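What follows draws every value from the coordinates through simple rules; no lab data is involved. Only a predicted model underlies this, so the values are computations on that prediction, with no experimental measurement involved. With ideal geometry, Cβ positions are generated from the backbone for all residues, glycine too; neighbour counts draw on all protein chains shown.
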Amino acid sequence: MEPSTLILAGILLLALITVESGGVFLVRVAAGGVPANALQKSWYRAGHAHAAVLLVLSLAILAFADQLDVPGWVGWIARSGVPIAAILMPAGFFLSVLGKDPEKPSRLSLLIGLGAASLTAGLLAAGIGAITTGAGSA
């Protein structure tokens, strides 16, 4: 694995600690220790789940990203698309329902769509890169 890939993997592993602390926050919300309305509870859960799944998916992609025989920019998207989504999507879920008793998400929910676009780009680059690299080696 390339040194820069190892560094990103280390950052992603450390970022999972924030997901762990987010779980503690969700337990406090569920127990009534943190006031939250139904919208906030559901969006907090969605943000937490997206963060965890996308960070683990990012690590899975990094396991083979250095093996892809693709142009540099495609490799960058393959390595970075999902980790960027792991930041943007949960941020959109959490930040768009901040405040006391919000009735609907704020404009910050646009981060969810931006994260989804980044996720799609990363998956396309990694998936197509893996297929073409594998087919070229066969």
Item to complete: Step through the residues of the range 38-43 one at a time and calculate ³J(HN,Hα) from phi using the Karplus curve (6.51 cos²θ - 1.76 cosθ + 1.60, θ = phi - 60°), rounding each to whole Hz and writing x for Gly and Pro.
Response: 4, 4, 4, 4, 5, 6
Worksheet entry | Mean Cβ neighbour count within 10 Å, used as a protection proxy, ranking 82-91, 111-120, 25-34 highest first | 82-91, 111-120, 25-34
Worksheet item: How would you order 3-13, 124-134 from highest to lowest mean count of nearby Cβ atoms within 10 Å?
Response: 124-134, 3-13
Item to complete: With a Förster radius of 30 Å, plug the Cβ-Cβ distance of Q67 and S109 into 1/(1 + (r/R0)^6) and report the FRET value to the nearest 0.05.
Response: 0.25
Worksheet item: With each pseudo-label sitting 7 Å past Cα toward Cβ, what's the R45-K100 distance in nm, one decimal?
Response: 2.6
Fill in: For a label point 7 Å along the Cα-to-beta-carbon line of W76, residues of the range 111-138 with backbone N under 16 Å
118, 121-122, 125-126
Practice prompt. Please order E2, E103 by the number of other Cβ within 10 Å, starting at the fewest.
Written response: E103, E2
Discussion item. If I compute Cα extents along the principal axes in Å from the structure I just sent, which labelled value in (1) 56, 26, 21; (2) 50, 35, 29; (3) 85, 34, 24 lines up?
Written reply: (1)
Worksheet item: Fully extended, how many nm does the chain gain between A30 and L6 (0.36 nm per residue separation, minus their Cα-Cα distance)?
Response: 5.0 nm
Item to complete: May I ask you to list the residues of the range 28-55 whose amide nitrogen lies under 20 Å from a point 7 Å from Cα along the Cα→beta-carbon direction of L16?
Response: 46-55
